[in-house]
Amino acid sequence: MEPLALTACSIVTCLGAGRQANVAALRARRSGLAPCTFETVRLDTHVGEVAGVDAVRLPDHLTDYDCRNNRLAQFALDSDGFGERARAARERHGAGRIGVFLGTSTSGILATELAYRHRDADGRLPADFRYRETHGTFSLADYVAHALDLTGPAVVVSAACASSAKVFGNAVRAMAAGLCDAAIVGGVDTLCLTTLYGFHSLGLLSPRPCRPFDIARDGISISEGAAFVLLERAGSTKARVNLLGVGESSDAHHMSTPHPEGLGARMSMERALAGAGVAPDRVGYVNLHGTASRTNDASEAEALVDVFGTATPCSSTKGLTGHALGAAGAIEALLTVFALEEGFLPAGANTEALDPALHVDYLVAPRSGGAAIAMSNSFGFGGANCALLFGLTGS
């Protein structure tokens, strides 16, 4: 594929708002996970809640879209100067030539949960509840396109935990087909009761901050977050990092369990490398999907060894940020990009004793020296898999 330049980016996680806060936490291995006190939920688990979301106010002409998910989207548009950079790109390319490709899994479910608390005596939802603008999956892309005054293609992908990684592929294909000249890609997902109680019912929540690749790992930590990237053609503007390859697969092994040998994960990594024309030994770091569930980490480790062998440094950043579900792919892609630009390899957090059955070079402390090319993995329920390959300009 033709490399695409990352010309602007923005991130908001439980580690803080903006690149600086997130990089500082990465370097210090400082987790943002805390005991769950979200809304009325009092489960024995840790979550990654973003501070300040409720204080965000949407523009007056977009208040019909007001919900936690779109507030978090606005939070990210306001961070790292992303909104201004996107508007400058609109002036360069035209409002109709920038696509919006975003991922989410829960979207604005919380808005509906809150509306159900206020049904009238006949069970009717409140008159001011707006499903299309606040809960519907497309709400996210619709809101961002309106907030940035963009009229190009707008798409939302909801493919579980691979959602906001797969949108990079949508953008690549749309730009290659001539549908747009630039793209806003990324994802937003917010905490809600459905997600927390749902994962609890599956027995997948850890009672402590998640510890990927630990021998005693016992489940995930749900979180929320947002990340946006502006993709433009490489060489058209200065950028330090390019998107080199996107690999996707759908192994459809099981609705909630990964293929035991990591078949789909391996295929997505191989396709990302092949699309970029990059040999495995040139990849200096892999940001793992690494949810800290028993089966996920084991199958991903097997796939990683099949593709890269046992010597490629890797880690999961979910011990710091938690698992932001539909936003995880974009968040972890940006954390990978930041590590490339800053010249270090990030380590996982909370992992105390590595599982000796997982034969990978898992980092438990940040490593200096960095890498020129790195991969970020995202694997979702239902066998939706995506691997993204990034490289420093000139690599």
With just the Cα atoms of the stretch 158-244, tell me how far they stretch along each of the three principal axes, in Å, largest first.
48, 27, 17
Mind grabbing the base-10 log of I(q)/I(0) for the stretch 4-392 at q = 0.09 Å⁻¹? Debye formula, identical points on the C-alpha positions, no solvent, two decimal places.
-0.46
Residue-normalised accessible area of the chain, given per residue in Å² at a 1.4 Å probe
36 Å²
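Among DSSP bridges having both ends in the chain, what percentage is antiparallel? Round to the nearest 5.
Restricted to the chain, the bridges split so that about 70 percent are antiparallel.
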Return the long-range amide H neighbours of A8 (sequence gap of 5 or more, or a different chain), with a cut-off of under 5 Å between placed amide H atoms.
L230
State, in angstrom, two size descriptors of the stretch 37-151 derived from its alpha carbons: Rg to one decimal place and Dmax to the nearest whole number.
16.2, 54
Nonlocal amide H pairs with V100, under 5 Å, H built at 1.01 Å
A154, V155, I184
Where in the stretch 298-395 are there GluC sites (Glu not before Pro) that are in a DSSP coil and have at most 12 other Cβ atoms within 10 angstrom of their Cβ?
E352
Protection proxy (average C-beta count within 10 Å per residue), highest first, orders 288-299, 238-249, 49-60 as 288-299, 238-249, 49-60
Which of T317, A216, S368 sits farthest toward the positive end of the charge dipole of the stretch 4-392, with +1 on the Cβ of Lys and Arg and -1 on the Cβ of Asp and Glu?
S368
Within the accessible area of the chain, what % is carbon and sulfur when the probe is 1.4 Å and the other protein chains stay in place?
52 percent
Show me the ranking of peptides 384-390, 167-173, 2-8 by mean Cβ neighbours inside 10 Å, starting with the highest.
384-390, 167-173, 2-8
A chain fully extended from R85 to K238 at 0.36 nm per residue, minus the present Cα-Cα distance, gains in nm 53.8 nm
Measure off 7 Å from each Cα along the Cα-to-Cβ vector at E342 and A177, then give the distance between these two points in nanometres to one decimal.
3.7 nm
Once phi for every residue in the stretch 119-128 is put through the Karplus expression 6.51 cos²θ - 1.76 cosθ + 1.60 (θ = phi - 60°), the whole-Hz ³J(HN,Hα) values, with Gly and Pro written as x, are 5, 7, 4, 9, x, 6, 6, x, 4, 8
Work out, step by step, the length gained on full extension between H359 and R208: first 0.36 nm times the residue separation, then minus their alpha carbon distance; give nm to one decimal.
51.9 nm
Under the Karplus curve 6.51 cos²θ - 1.76 cosθ + 1.60, θ = phi - 60°, whole-Hz ³J(HN,Hα) for the stretch 69-76, x wherever Gly or Pro sits
5, 6, 5, 5, 4, 5, 3, 6
Extending each Cα 7 Å along its Cβ direction at D64 and T37, get the distance between those two points in nm, one decimal.
3.7 nm
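The values are calculated or read from the model by the stated rules, or taken from the named source; none is laboratory data. The shown structure was predicted, so the numbers you read here are calculated from the model rather than taken from an experiment. Ideal geometry is used to build each Cβ from the backbone, glycine not excepted, and the neighbour counts take in all protein chains shown. We work out accessible area using only protein heavy atoms, side chains counted, and drop any ligands, DNA or RNA first. Shrake-Rupley method; radii C 1.70, N 1.55, O 1.52, S 1.80 Å.
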